[in-house]
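Participant: Okay, handing you the structure first.
Just so it is clear, none of the values below were taken in a lab; they were calculated from the coordinates. Because the structure is predicted, anything quoted here is derived from the model rather than measured. Neighbour counts run over all protein chains shown; Cβ positions are idealised from the backbone, glycine included.
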Amino acid sequence: GSATTAPKSLAARSSDSNADVTAAVGIIMGSDSDLPVMKAAAEILEEFGVPYELTVVSAHRTPERMVSYAQQAYKRGVKVIIAGAGGAAHLPGMVAALSPLPVIGVPVKGSSTDGMDSLLSIVQMPRGIPVATVAINNATNAGLLAVRMLGVADSQYIEKMLKYQDSLKDMVLEKVEKLER
Ligand code: RP5
């Protein structure tokens, strides 16, 4: 295919989309072992009706794929990239270096250092190349932050976010009511 055509594994998804829809958010991760954490971002995007794509791109094991993904994503219409990785987590920062898009980094907790290795690898970016880093394993917040970014240009997401925030408030108030009963 041409340079701006998505690989087959990158067909946009969301509950109410067909395969021709352009993904607004690209979710990438260093390994399929990151999927149990990263799927929370996909669940949020499903909930908000955001077309997204999801795939594995490894900075260390598939460096050329990382370069082409990062260089092509904006040309294919992707607006925000969510990148998750564990350990020596170079993927989010390298993708931010190669792409003009906002990159949200998700530090994925590994087995040896409680995710601190990944957190510090992702958050300590040099001036000039930002990565918006969420908490360790908090792919939910990465999804929500992506929705807020899309809200800048698409007010349906602002409306949906206001409702989501209301639902969080209701949830807490219900618990308070039960506690105080
Ligand atoms: C990182 O190494 C990946 O993002 C993953 O979190 C970690 C381990 O990968 P696997 O050895 O499980 O494939 O690059």
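Participant: Do any trypsin sites (Lys or Arg not before Pro) in region 13-99 lie in a DSSP loop with no more than 13 other beta carbon atoms within 10 Å, and if so, which? Mind showing how you got there, number by number?
Facilitator: Numbers: sites: 13, 39, 61, 65, 75, 76, 79; in loops: 61, 79.
Filter output for region 13-99: 61.
Participant: Then there's this: Can you give the Rg/Rh ratio of the chain, where Rg is from the C-alpha atoms and Rh is the Kirkwood radius? Write down the numbers at each step before the final one.
Facilitator: Working: Rg = 16.9 Å, Rh = 16.8 Å.
Here Rg/Rh amounts to 1.00.
Participant: On a 0 to 90 degree scale, rounded to 10, what angle separates helix 155-180 from the longest Cα axis of the chain?
Facilitator: Rounded to the nearest ten degrees, it is 40.
Participant: Continuing with this model, one more query. Straight-line reach from residue 75: which aspartates and glutamates fall under 16 Å, measuring Cα to Cα and dropping same-chain residues less than 8 apart?
Facilitator: Hits, sequence-local ones excluded: 20, 53.
Participant: Using alpha-carbon positions, what is the distance between the centroids of region 67-81 and region 138-160, in Å?
Facilitator: Centre-to-centre distance over Cα atoms comes out at 18 Å.
Participant: Among bridges DSSP assigns within the chain, what percent are antiparallel (round to 5)?
Facilitator: For the chain, the DSSP antiparallel bridge percentage is about 5.
Participant: Related question: Starting from the 7 Å offset along Cα-to-Cβ, what nm value, one decimal, do you get for the label separation of residue 163 and residue 64?
Facilitator: My value for the distance between the label points is 4.6 nm.
Participant: Only Cα pairs within less than 10 Å get springs; with that Gaussian network setup on the chain, which residue of 46, 64, 159 has the largest fluctuation?
Facilitator: 159
Participant: Return an integer: the convex hull volume of the alpha-carbon atoms of region 106-162, in Å³ per residue. Numbers along the way, then the final one.
Facilitator: Values: hull volume 4.2 nm³, N = 57.
It comes to 74 Å³ per residue, whole-number rounded.
Participant: Then there's this: As I understand it, the value is the acute angle between the Cα axis of helix 35-47 and the longest principal axis of the Cα atoms of the chain; what does it come to in degrees, rounded to 10?
Facilitator: With rounding to tens, the tilt is 60 degrees.
Participant: Kindly give Rg over Rh for region 39-124, based on alpha-carbon atoms, with the Kirkwood expression for the hydrodynamic radius.
Facilitator: Numbers: Rg = 13.0 Å, Rh = 13.4 Å.
Rg/Rh for region 39-124 comes to 0.97.
Participant: What is the distance, in nm, between label points placed 7 Å from the Cα along the Cα-to-Cβ direction at residue 155 and at residue 172?
Facilitator: Label-label distance for residue 155 and residue 172, simple model: 2.8 nm.
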